[in-house]
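J.: I have a structure I would like to understand better, so I am pasting it below and will then ask my questions one at a time.
Read-outs throughout are calculated quantities, based only on the coordinates presented, and are distinct from any laboratory measurement. Keep in mind that this is a model prediction, so the values were computed, not measured. Positions of Cβ are generated from backbone atoms using ideal geometry, with glycine treated the same way; all protein chains shown enter the neighbour counts.
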Amino acid sequence: MSVEFTRWTIHLAMIAYVTVLALRAMSTHRGLDEPRTERLQRVLWSLGCLLTWAHVLLAFGTHHHWSHAAAYDHTASETAKKVGIEWGGGIYFNYLFLALWSADAIWWWIQPASYRARPWGVSLFVHAYLAFIAFNATVVFEAGPIRYAGIGATVGLCTMAVYSRVVSRSR
């Protein structure tokens, strides 16, 4: 598989991720928490997670030859290029990203009522962590159109989140 195919899996995953967050923000302030909207969000959320798994598996298989050490070294090299510190430990943050998104998607399918009723702090933690990693992946470690898309998505989602929070509090 080509480098481009591997990249497109994560680009599509990020599009699904941003779309779900935008839908959540819009449904919160417009009162659109209907089953059809939630179902669409859950499918897109899961699709984004599966595409992230595909990205990781393709990267490990085609670029790192199924070697964690090679992936660690690649992460260290990329980190050194971007922030001046040769450290591969960021790969563990990526593993946590994948595990957290997977657990979140599975929870939403298996126990949707429990998922909807979870404490706000749990949702905040999940989304803050996923957003932190997505921001770093698209803005810090990318360049050109992907970086600009990451900045635009971040600004747009932050604006929507603040707006939906303000509107929901005013009700």
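J.: Convert 25 °C to kelvin, take the viscosity as 0.890 mPa s, use the Kirkwood radius over C-alpha pairs of the chain as Rh, and evaluate the Stokes-Einstein diffusion coefficient in µm²/s, rounded to a whole number.
T.: Translational D for this selection: 143 µm²/s.
J.: Given the -39500 (n - 2.57) contribution per DSSP H run of 4+ residues, what per-residue ellipticity at 222 nm results for the chain, rounded to the nearest 500 deg cm²/dmol?
T.: The helix-only estimate for the chain comes to -27500 deg cm²/dmol at 222 nm.
J.: How would segment 77-171 be classified by its alpha-carbon gyration tensor: rounded, prolate or oblate, with rounded meaning a/c under 1.5 and the a/b versus b/c comparison settling the rest?
T.: oblate
J.: Just to be sure I follow: if Rg is taken over the C-alpha atoms of segment 92-148 and Rh is the Kirkwood radius over the same atoms, what is Rg/Rh? Each step should come with its number before you reach the end.
T.: Working: Rg = 13.6 Å, Rh = 12.5 Å.
Rg divided by Rh gives 1.09.
J.: On to the next question. May I ask you to order 121-133, 49-61 by the average number of other C-beta atoms within 10 Å around their residues, highest value first?
T.: 49-61, 121-133
J.: Could you tell me how far the Cα centroid of segment 104-171 sits from the Cα centroid of segment 56-94, in Å?
T.: Each part's Cα centre sits 25 Å from the other's.
J.: For Cα pairs less than 8 Å apart in space and 6+ apart in sequence, what is the mean separation divided by the residue count of the chain, i.e. the relative contact order in percent?
T.: The value is 25 percent.
J.: Right, here's the next one. Using a Gaussian network model of the chain whose springs link C-alpha atoms within less than 10 Å, name the residue from Val83, Val43, Val20 with the highest mean-square fluctuation.
T.: Checking each option, the largest mean-square fluctuation is seen for Val83.
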